[in-house]
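The values are calculated or read from the model by the stated rules, or taken from the named source; none is laboratory data. These figures come from a predicted structure and were not determined experimentally. Counting neighbours? That spans all protein chains shown, and the Cβs are built from the backbone with ideal geometry, glycine included.
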Amino acid sequence: MPKPTKGPRIGGTPAHERIIMRNLASQLFEHGRLVTTVTKAKRVQPLAEKLINRAKKDTVANRREVNKKILDKGVVYTLFAEIAPRMEGREGGYTRITRIGNRKGDNAPMAVIEIVTDKIEASAPQTSDAAKSEINAAAAAVQAAEAAADEVEAEKGADIEETEDGAEESEAPAEDKPAEEKTEA
């Protein structure tokens, strides 16, 4: 007989486990957060994420698929009308599991699973102080190189003289200067 690969079942039979997962997901969508055991939270998280992902595209087919899992039509409406529009900017990570200690009585590890409501900010990524100093050093090196190039251009302009024929002639031939070495900060 093949053994289950996902670990021990919650509630005994596979049918009972599916019922528990449906009820946990329904309660999560209805209340926004749920206090349960760590095992149940970890098992309901993928189901909740898949249902939210499906609800982001509000089509008849997606509503029917969600209705197969969530039997309460009011919860399905809440999922499609309120929860899914808040998750438009997210690619995943719609739920969060936070451990809260052990349950008094049987010492079972407990957790809170909740729908993430934080806004995703489309701001520039934060840089550390070391990275900022490297960027500033590179900018200073670029400015110094531009200033040196301006000085060379000014010297070339002073070296060029007009000859009697009207043709321009340079006093000294241009010398190839070695490239400046890059400084590492």
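Tallying residues that are closer than 21 Å to VAL112 by Cβ and outside any helix (DSSP H, G or I) within the range 51-81 yields 1. Of the residues ALA148, ALA122, only one is out of contact with any Cys (no Cβ under 8 Å at 6 or more places or on another chain), farther than 30 Å from VAL38 by Cα, surrounded by 10 or more Cβ atoms within 10 Å (Cβ to Cβ) and at pLDDT below 95; which? Every option except ALA148 fails the conditions. For the range 128-141, the count of residues that are in contact with a helix residue (DSSP H, G or I) (Cβ under 8 Å, 6 or more places away or on another chain) and modelled with pLDDT under 75 is zero. Residue selection: ALA48 satisfies the criterion of being touching a residue at least 40 places away in the same chain (Cβ under 8 Å), buried (at least 17 other Cβ atoms within 10 Å of the Cβ), touching a helix residue (DSSP H, G or I) at 6+ places or on another chain (Cβ under 6 Å) and in a helix (DSSP H, G or I).
Let's see how each residue does on (1) aromatic (Phe, Trp, Tyr); (2) loosely packed, with under 12 Cβ neighbours inside 10 Å; (3) free of Cβ contacts under 8 Å to residues at least 12 places away in the same chain:
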residue: ILE10; (1), (2), (3): no, no, no
residue: HIS16; (1), (2), (3): no, no, yes
residue: GLU30; (1), (2), (3): no, no, no
residue: VAL38; (1), (2), (3): no, no, no
residue: LYS42; (1), (2), (3): no, no, no
residue: LYS56; (1), (2), (3): no, no, no
residue: ALA81; (1), (2), (3): no, yes, yes
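Would you check which residues across the range 55-82 are among the small types (Gly, Ala, Ser) and closer than 19 Å to THR95 by Cα and list them? Result: ALA55, ALA81.
Given ALA55, ALA48, ALA84, which one is closer than 16 Å to ARG18 by Cβ and small (Gly, Ala, Ser)? Steps first, please.
Values: ALA55 fails: closer than 16 Å to ARG18 by Cβ; ALA84 fails: closer than 16 Å to ARG18 by Cβ.
Every option except ALA48 fails the conditions.
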